[in-house]
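Working notes, structure below.
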Amino acid sequence: MRFTFLIIAFITIVSGLDNGLGRTPPMGWNTWNHFQCQVNEQLLKDSADAMIELGFYKAGYKYLNLDDCWEGHRDENGYITTDPITFPGGIKALADYAHEKGLLFGIYSDAGRLTCARRIGSLGYEDKDAQRYAEWGVDFLKYDNCHNDGSPEIQRYVKMRDALNRTGRPIFYSICEWGKSKPFLWGRAVGNRYWRTTLDIRATWASIISIIQKQQMITKYAGPGGWNDPDMLQIGNGQLTLEEQRSHFSLWAALKSPLLLGFDIRNPPVEAKAIALNEEIIAINQDPLGLSVSIVQRTRFFDIWTGPLSDGYVAVLFNRGEIPVVITLYFASHCNLEGEIAVRDLWEHADKGNFTTRFVLLSNFLFVFFFF
Ligand code: GLA
């Protein structure tokens, strides 16, 4: 007698926000890294103007994102209101202002009772808040994790994901739980989609280096529709040197991180502006293949990160220290490439020539080069 075993598996299908967003890492500007809570309506409008007039929009920076500190209180029906002093015209007017210029508008909330700056959070009010965002014409939500009730992140982030889905408006969902519950394992299904991998970035080299090191093990989780988020850019903030800023921007681009600028975009520092507008580096970030570089060699002094592009290959030769160092890129072992390779420096915008077997670089100081 033959038995047929019928196995009934109860599978919970965690469907993502099926809105087609995020095929390449989102690009834009966010208020937090420079302004923290010193935000207001005029700043946002002026920043929207600057994104257009100074060429950022044209280079691909589409999101105008308002971080924490716009929130007012909850009205008698449980709906969130806007801070009446700093945003008297409300969020809809701002989103309209951004849309008229072709920009997308992003907002911030928190999967807890309060936000990190102790404004009103969304926990328990997910549907009402999502509904408001949709009515206001919001295109992006960064969802933070302060003052929560201790329940698992995935539960609270799924709740807002479902609430956003129910609105019917495509809203990009940025999961910001700082890497606490390994969001690279579930973020692709829950968010639409990128997930913070680490604690807050500061405008110091030590902070940037420490974040880079924490990306090493998780690069494989980045791909079209779901990205690791090592936090927003600090180029143009603090006392970072030119080389540090270029290195920071290069790695973020090649790791396929979202590129959210964080300087005062109305008056961008000259160096930071040129870095942010480097089209060849942006093209690496926005490459349709959407694969992150991964680390292929680490020594005491330098890293080599490499990865495929849709029409080439990228290598980041990264002198982490401050003394000159010779870095040798072996095409076969580091990149899986054979034959004659044309090498280009994407910071100098210069072809370096054709090479076989390897390319040797004397890197004088902390610096990053790209080749493909
Ligand atoms: C947290 C986030 C930051 C920023 C602030 C706002 O610290 O990680 O990126 O959004 O909250 O309060």
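Each value in this text was obtained by applying a stated rule to the coordinates, not by laboratory testing. What you see is a predicted model, and the numbers here were worked out from it, not measured in a lab. Reconstructed Cβ throughout: ideal geometry from the backbone, glycine too, with neighbour counts over all protein chains shown.
Note on residue 76 and residue 151: the model spin-label points, each 7 Å out from Cα along the C-beta direction, lie 2.9 nm apart.
The loop-placed trypsin sites (Lys or Arg not before Pro) in the stretch 16-102, going by DSSP, that have at most 13 neighbouring Cβ atoms within 10 Å of their Cβ come out as 23. Taking each DSSP H run with n ≥ 4 as -39500 (n - 2.57) and averaging over every residue of the chain yields -8000 deg cm²/dmol at 222 nm.
Cβ distances below 4.7 Å define possible disulfide partners, and in the chain the cysteines left without one are 176, 335.
For the pair residue 328 and residue 349, a Förster radius of 35 Å applied to the C-beta separation gives a FRET efficiency near 0.90, rounded to the nearest 0.05. In this calculation the C-beta distance from residue 342 to residue 93 is compared with R0 = 41 Å, giving a FRET efficiency of 0.20. Pop a pseudo-label 7 angstrom from the Cα along the beta-carbon direction at both residue 100 and residue 181 and give the gap in nm to one decimal. Going from the residue 100 label point to the residue 181 one covers 4.2 nm. Taking the centroid of alpha carbons for each part, the stretch 282-347 and the stretch 187-210 are 22 Å apart. Centroid-to-centroid, using Cα positions, the stretch 58-111 and the stretch 139-170 are 17 Å apart.
Give the relative contact order (percent, whole number) for the chain; include only Cα pairs under 8 Å separated by 6+ residues. Show your work: numbers first, answer last.
Values: 816 pairs, mean separation 52.9, N = 372.
Rounded, it is 14 percent for the chain.
Taking 4 °C and 1.567 mPa s as conditions, the stretch 27-285 diffuses translationally at an estimated 71 µm²/s according to Stokes-Einstein applied to its Kirkwood radius (Cα pairs).
The label point for residue 162 and the one for residue 283, both projected 7 Å from the Cα toward the Cβ, are 4.5 nm apart.
Here are some pairs, 62/273; 142/180; 62/256; 142/220; 142/182; which of them have Cα atoms lying more than 21 Å apart in this structure?
142/220
When both bridge partners sit in the chain, DSSP labels roughly 60% of those beta bridges antiparallel. Taking 0.36 nm per residue of separation and subtracting the Cα-Cα distance, full extension of the segment from residue 266 to residue 217 would add 14.0 nm.
Placing one identical point scatterer on every Cα of the stretch 119-184 and ignoring solvent, what is log10 I(q)/I(0) from the Debye formula at q = 0.13, 0.23 Å⁻¹? Log10 I(q)/I(0), no solvent term: -0.33, -1.01. Can you list the residues of the stretch 321-338 with backbone N under 14 Å from a point 7 Å past the Cα of residue 300, pointing along Cα to Cβ? Residues 321-326 qualify, since their backbone N sits under 14 Å from the label point.
The GluC sites (Glu not before Pro) of the stretch 186-284 include none that meets both criteria, a DSSP state outside H, G, I, E and B (loop) and at most 15 other C-beta atoms within 10 angstrom of the site's C-beta.
Can you classify the stretch 285-358 as rounded, prolate or oblate using the Cα gyration tensor, where a ≥ b ≥ c are the square roots of its eigenvalues, rounded means a/c under 1.5, and otherwise it's prolate if a/b beats b/c and oblate if not?
Cα axes put the stretch 285-358 in the rounded bin.
For the stretch 53-124, the calculated P(r) over all alpha carbon pairs, in 10 Å bins from 0 to the bin holding the longest distance, is 18, 43, 28, 10, 1 percent.
Built from the Cα atoms of the stretch 103-248, the convex hull projects on average onto 9.4 nm², one quarter of its surface area.
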